[in-house]
Amino acid sequence: MQSLTARGYAQIYQGSRRQEWQAVLEFFQRGFPAVVQRSRGYIALATALFVFAGLMAWWLSWHDPRFISLVVPSGMIHQVRDRGELWTGSIVGIEPFASSSIMVNNIQVSFGAIAGGMTGGLLTAYMMLFNGLLIGTVGALVGQNNLAVPFWAFVFPHGSLELPAIFLAGGAGFLLARALLFPGQYRRSDALKLYGAQAAQLAFGLVPMLVLAGIIEGFFSPQPNIPDLVKYVTGILLFVGLVWYLGRR
């Protein structure tokens, strides 16, 4: 009797675990691309804010170099302008620590952008604008000092996953803001359940993207022995693959 009970217990709970893994696999095969496509307007808004801030920061930095000092730490400016080198070499030699730190930071930023939807989207919008401002300013700084090629070679491999994940997080935040501000035909509590579930699916799907981006940024992107061309090609291929995957029907 005990043996029969033990076998029954194992069958029930092993079967339950198999069903859970099957559900996860099904989500990443079909569910995640589908929820991204349903949320494309909100993701586009987050992307547009980021790009707008980046372009404005780039333009201001080129027309008034003093603007850079308002955004970029003085140590980084000194390293780029006076020493003619990037800061990315500091990752080499501490790859495991750097990779895990990058993952944690990016996940915190992304979940902060999602939670920002509960401020009516104000915090989400701020985070998209701030991150766009930062990368636009840094891009202008390295461009002014003839370091654009190695800098973007560093950014391309992991940025092809990291930046889209941040845009997805922004889209999730704006979904929550939509529920709060414009519940439409639903009661606000029901709208939060509906759009909150959609935002949660986006959050669940973007975590593996950030984990993979953190591994690439820690172990691949900063390596000086990997040619810049290889890094550019890797980033382009990853981005094309991501677009294909998220666009699947």
Please give the number of the condition residue 238 fails out of (1) under 20 Å from the mean Cα position of the chain (by Cα); (2) closer than 25 Å to residue 105 by Cα; (3) at pLDDT below 95.
-> (3)
Is there a residue in the range 236-249 that is more than 18 Å from residue 37 (Cα to Cα) and open to solvent by less than 20 Å² (accessible area, probe 1.4 Å)?
-> no
Output the residues belonging to the range 42-54 that are within 17 Å of residue 201 (Cα to Cα) and either β-branched (Val, Ile, Thr) or at pLDDT below 95 (or both).
-> 43
Restricting attention to the range 162-182, which residues are under 22 Å from residue 52 (Cβ atoms) and of a type in the set (A, V, I, L, M)?
-> 163, 165, 166, 168, 169, 172, 175, 176, 177, 181
Where in the range 17-99 are there helices (runs of 4 or more DSSP H), lying fully within it, with 3 or more residues that are farther than 27 Å from residue 228 by Cβ?
-> 32-38, 40-63
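The values are calculated or read from the model by the stated rules, or taken from the named source; none is laboratory data. This one's a predicted model, so the numbers in the text were calculated from it and none came from an experiment. All Cβ positions, even for glycine, are placed from backbone atoms using ideal geometry, and neighbour counts span all protein chains on display. SASA here: full protein model, heavy atoms, side chains in, ligands and nucleic acids out. Shrake-Rupley method; radii C 1.70, N 1.55, O 1.52, S 1.80 Å.
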